[in-house]
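Below is one structure, written out as structure tokens; the observations come after it.
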Amino acid sequence: MDGTQILTLGLGLEAPWILKDQHLDTAVSPHRLELYVEAERGSLYPCPECGKACQAHDFADKTWRHLNFFQHHCYLHARVPRTKCPEHGVKRIEVPWARPGSDFTLLFEQAAMSLVKEMPVLAVSRQLEISDKRLWRIVHHYVGRMLGNWTCPMWRLSAWTKPRLGAVIAMSRCSSTCSASRNRLSLPSQAAARMPSRLSAPSWRPMAAHGGDTDNVVEVVCDMSPAFLSGVTEHLPKAEVTVDWFHIVQTFTKRLDEVRKKERREQGHPKSLRWALLKNLDNENLTPKQLAALQELVADQSATADAWVIKEKLRWIQKAPTPRAARWRITNYLKVMQAAVSEKPLLKPMGKALATLERHADAVVRRWHSGLTNARLEGMNGLFQAARSRARGYRNEINFIAMIYLIGSPVGRLFDQAKST
Ligand SMILES: [Zn+2]
């Protein structure tokens, strides 16, 4: 077997295509292996419309980037014919190693997509030595094709970038996940959409424009922003509001830090305390120093220790088995903690946190009713965070949305398609 035969086998070329020539260009850096593919003289080609074997009308020279040949870039060159079909006229044929319009072979794109699923896009573009813009173009194509298959056979490039909100019955507002994005992203899943917004503008406005119906929304998961909550009441009349547990804990943690700062000014704490307080007690990452600081704190009976216990005891509520139990625990927790807080002026910030919990108790207890929705949304939240880190350096929202679809959907199917073509 000579070099040409090995390369032909490696490329998976089938009749009428043959590898005509190869050349390693060492004058450029990185070196380029140039492969020249041709069809045998006098070959007939299938009309792209009807498959009828036709003669070539004319040829155009095309080039595709292929998988590296060892450390060298590899390019495939071919003269691609247009067929002259008696019925369909002159048409450019599709080559078996690349999709129409792409400058890369299918194998190259497949490798790129496999990497993009595992690593940040910028890292992949460095690894493959192509610009991230070109890499995003590949990602868009496959994500679009995948989504297009789900909805309309006549898929157009822009179709998938427009959210389809017809099936939205639940919404969630998150400010943390997508704060890097200035525009609002509205992302549908089959039953739930997370509508992140950094703006105070309500997120349900785009719903009508995208086929959604605000009357369908029966579940909203959000933080305790008064503007948002009053917007929900006004615009989503059928929605039950659930305050995300995360935001409750966040409120308490923030107030705890206020207590710590104030007390430190008055009497001083070990340095390691600040981080220890921010971690959970059952978090195994506490350093010995942080653990010692915590123990010292509790022994001191300082206000910070009390505040910390108040925050930690939220867990008792969180672990309630039923909505009824949750309600009972909140009531009793508030009673005990409010009494404790009233005895120490330094604990005033914790009093504010308790008042917040009291004010939103109904919406907090909703969490026990809407557990399923919550779990799904929390899952989506994790997905978004993964997508954001994967799309690091994403230039626009479309890239970010593409990445969410890519890691949140059964993308394996797509590679099977790429292999079979
Ligand atoms: Zn035809």
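The values are calculated or read from the model by the stated rules, or taken from the named source; none is laboratory data. Note that the structure is a prediction, hence the values are computed from the model and not measured. Reconstructed Cβ throughout: ideal geometry from the backbone, glycine too, with neighbour counts over all protein chains shown.
Can you tell me which condition ASN332 does not meet? The list is (1) on the phi < 0 side of the Ramachandran plot; (2) modelled with pLDDT under 70, and all the others hold.
(2) is the only condition that ASN332 fails.
Exactly one condition in (1) in contact (Cβ under 8 Å) with a residue 12 or more places away in the chain; (2) surrounded by fewer than 17 Cβ atoms within 10 Å (Cβ to Cβ); (3) assigned to a loop (DSSP other than H, G, I, E, B) is not met by ASP21; state its number.
Going through the list (1) in contact (Cβ under 8 Å) with a residue 12 or more places away in the chain; (2) surrounded by fewer than 17 Cβ atoms within 10 Å (Cβ to Cβ); (3) assigned to a loop (DSSP other than H, G, I, E, B), ASP21 breaks only (3).
Among residues belonging to segment 86-141 that are in contact (Cβ under 8 Å) with a residue 60 or more places away in the chain, over 15 Å from ALA402 (Cα atoms) and not aliphatic (A, V, I, L, M), point out the one that is surrounded by the fewest Cβ atoms within 10 Å (Cβ to Cβ).
GLU129
Quickly run through segment 219-241 and pick out the residues that are under 24 Å from MET337 (Cβ atoms) and in contact with an Asp or Glu (Cβ under 7 Å, 6 or more places away or on another chain).
ASP223
Does segment 109-127 contain any residue that is within 18 Å of THR8 (Cβ to Cβ) and part of a helix (DSSP H, G or I)? Steps first, answer last, please.
Restricting attention to segment 109-127, the residues satisfying the condition of being within 18 Å of THR8 (Cβ to Cβ) are none.
No, because not a single residue in segment 109-127 is within 18 Å of THR8 (Cβ to Cβ) and part of a helix (DSSP H, G or I).
Return the pair list, or none, for Cβ contacts closer than 9 Å from residues in segment 50-70 that are under 23 Å from THR105 (Cβ atoms) to residues that are within 16 Å of the ligand (Cβ to nearest atom) and among the aromatic types (Phe, Trp, Tyr), at least 6 apart or on different chains.
ALA56/TYR45
Within segment 49-96, how many residues turn out to be part of a strand (DSSP E or B), of a type in the set (Val, Ile, Thr) and away from the ligand (no atom under 16 Å from the Cβ)?
2
With segment 200-277 as the region, which helices (runs of 4 or more DSSP H) entirely inside it contain at least 3 residues that are at pLDDT 80 or above?
On the way: elements: 205-209, 226-235, 245-267.
Fully inside segment 200-277 and qualifying: 245-267.
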